[in-house]
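*Asks:* Submitted below is the structure of interest, expressed as structure tokens.
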Amino acid sequence: MLRRENPGFLTMLHRFLAATGRRILDYLAQPIAGYEPFLATDPALLQRCLQPGDVLLIEGNTRLSVIIKYLTQSTWSHAALYVGGDELGRNEAGEPLALIEASARAGVVASPLRDYAQFNTRICRPVHLGEADRRQVIDHAIRSLGKQYDVKQLVDLLRYLWPYPPVPVSVRRRMLALASGDPTRAICSTMIAEAFQSIGYPILPPPGGEPVAMAPYMAREIRHIEKHGLFTPRDFDISPYFAVVKPLLEDGFDYRRLSAVA
């Protein structure tokens, strides 16, 4: 005869796992001492160059950022979708909440651009995106605001306590998909990728499709990424469908003027 589960025990277990998950996230969210950006763009210049629908990649300076950058072999550990304007409201300091971003710790939230004033950033812009499609991408992300991630899935979090696992480059990406639960999807750029996929806009080329050189293991990786939805910030950077926008060049750079000042 099967024994019935004790509801009280299950509730206590759920609370224990959730509390432990939050402790792990608090530890991973701690900044690393001594971080300095190589070339942080002035927030006012960044805002002038950003357009709604742009993806802003951020280097990050936390323990988790170091791990994500190692596993993805990239400079970028976080991504946010730029909405712009005042439709998301303002914070207590009166700053527009211009970004939508997701994390396992806070869920999907709206943030001011100034949160990333002291970080290396990169603007990735979807090419030839019509106004209606752009609006649909943004609306999809807005509907995700307030979503909270279940942090009791400790398998998704424990792996990040080991910063530099000695595994080959070709399998590091797969370490992000050990359990593929809520925390992993939040740590990756799943929310933003899903917003673009809602209109059929691609992130990575299909294997054997676009005429691009591809490492032998990447065809398997792309299928794996698509299956689990585990897109990372790096994917927007290397995507052939997103243009990299450099604020200093967009803002009227003239090498002759720079030479004259020097």
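The values are calculated or read from the model by the stated rules, or taken from the named source; none is laboratory data. All values derive from a computational prediction rather than experimental measurement. With ideal geometry, Cβ positions are generated from the backbone for all residues, glycine too; neighbour counts draw on all protein chains shown.
*Asks:* What do you reckon, is Leu46 assigned to a loop (DSSP other than H, G, I, E, B), over 14 Å from the mean Cα position of the chain (by Cα) and farther than 30 Å from Ile24 by Cβ?
*Replies:* no
*Asks:* Please find, within segment 69-87, the residue that is modelled with the highest pLDDT out of those that are in a loop (DSSP other than H, G, I, E, B) and buried (at least 20 other Cβ atoms within 10 Å of the Cβ). Spell out the reasoning first.
*Replies:* Just the residues of segment 69-87 that are in a loop (DSSP other than H, G, I, E, B), to begin with: 73-77, 83-87.
Cutting the leftovers down to buried (at least 20 other Cβ atoms within 10 Å of the Cβ) gives us 76-77, 83.
Values: Trp76: 93, Ser77: 91, Val83: 96.
Ranking the qualifying residues of segment 69-87, first place goes to Val83.
*Asks:* Looking at segment 112-137, which of the residues that are touching a helix residue (DSSP H, G or I) at 6+ places or on another chain (Cβ under 8 Å) and surrounded by fewer than 18 Cβ atoms within 10 Å (Cβ to Cβ) is modelled with the highest pLDDT?
*Replies:* My answer is Arg114.
*Asks:* I've got another one for you. Could you say whether any residue in segment 51-59 is more than 16 Å from Leu157 (Cα to Cα), loosely packed, with under 15 Cβ neighbours inside 10 Å and at pLDDT 85 or above? Spell out how you get there, then give the answer.
*Replies:* Filtering segment 51-59 for residues more than 16 Å from Leu157 (Cα to Cα) gives 51-59.
Then drop every residue that is not loosely packed, with under 15 Cβ neighbours inside 10 Å, which leaves 51.
Adding the requirement that they be at pLDDT 85 or above leaves 51.
Looking for residues that are more than 16 Å from Leu157 (Cα to Cα), loosely packed, with under 15 Cβ neighbours inside 10 Å and at pLDDT 85 or above, one finds at least one in segment 51-59, hence yes.
*Asks:* Search segment 138-153 for residues being out of contact with any Pro (no Cβ under 8 Å at 6 or more places or on another chain) and either without any contact (Cβ under 8 Å) to a residue 40 or more places away in the chain or assigned to a helix (DSSP H, G or I) (or both), and hand back the single one that is surrounded by the fewest Cβ atoms within 10 Å (Cβ to Cβ).
*Replies:* Looking at the filtered set, the residue picked out is Gly146.
*Asks:* Within segment 239-254, can one find any residue that is of a type outside the set (Asp, Glu), out of contact with any strand residue (DSSP E or B) (no Cβ under 9 Å at 6 or more places or on another chain), modelled with pLDDT under 90 and not in a loop (DSSP other than H, G, I, E, B)?
*Replies:* Yes, because at least one residue in segment 239-254 is of a type outside the set (Asp, Glu), out of contact with any strand residue (DSSP E or B) (no Cβ under 9 Å at 6 or more places or on another chain), modelled with pLDDT under 90 and not in a loop (DSSP other than H, G, I, E, B).
*Asks:* Filter segment 37-83 down to residues that are in contact (Cβ under 8 Å) with a residue 40 or more places away in the chain and among the small types (Gly, Ala, Ser) and give me whichever is nearest to Ser111 (Cα to Cα).
*Replies:* Checked segment 37-83; the qualifying residue nearest to Ser111 (Cα to Cα) is Ala80.
*Asks:* With the structure loaded, tell me whether Lys227 is surrounded by fewer than 16 Cβ atoms within 10 Å (Cβ to Cβ) and modelled with pLDDT of 80 or more or whether it fails that test. Can you show your working first?
*Replies:* Details: surrounded by fewer than 16 Cβ atoms within 10 Å (Cβ to Cβ): yes; modelled with pLDDT of 80 or more: no.
It is false that Lys227 is surrounded by fewer than 16 Cβ atoms within 10 Å (Cβ to Cβ) and modelled with pLDDT of 80 or more.
*Asks:* Please verify whether His128 is over 22 Å from Ser77 (Cα atoms), in contact with an Asp or Glu (Cβ under 8 Å, 6 or more places away or on another chain) and not basic (Lys, Arg), treating the condition exactly as stated. So that I can check it myself, show each step before the final result.
*Replies:* Details: over 22 Å from Ser77 (Cα atoms): yes; in contact with an Asp or Glu (Cβ under 8 Å, 6 or more places away or on another chain): no; not basic (Lys, Arg): yes.
For His128, the condition - over 22 Å from Ser77 (Cα atoms), in contact with an Asp or Glu (Cβ under 8 Å, 6 or more places away or on another chain) and not basic (Lys, Arg) - is not met.
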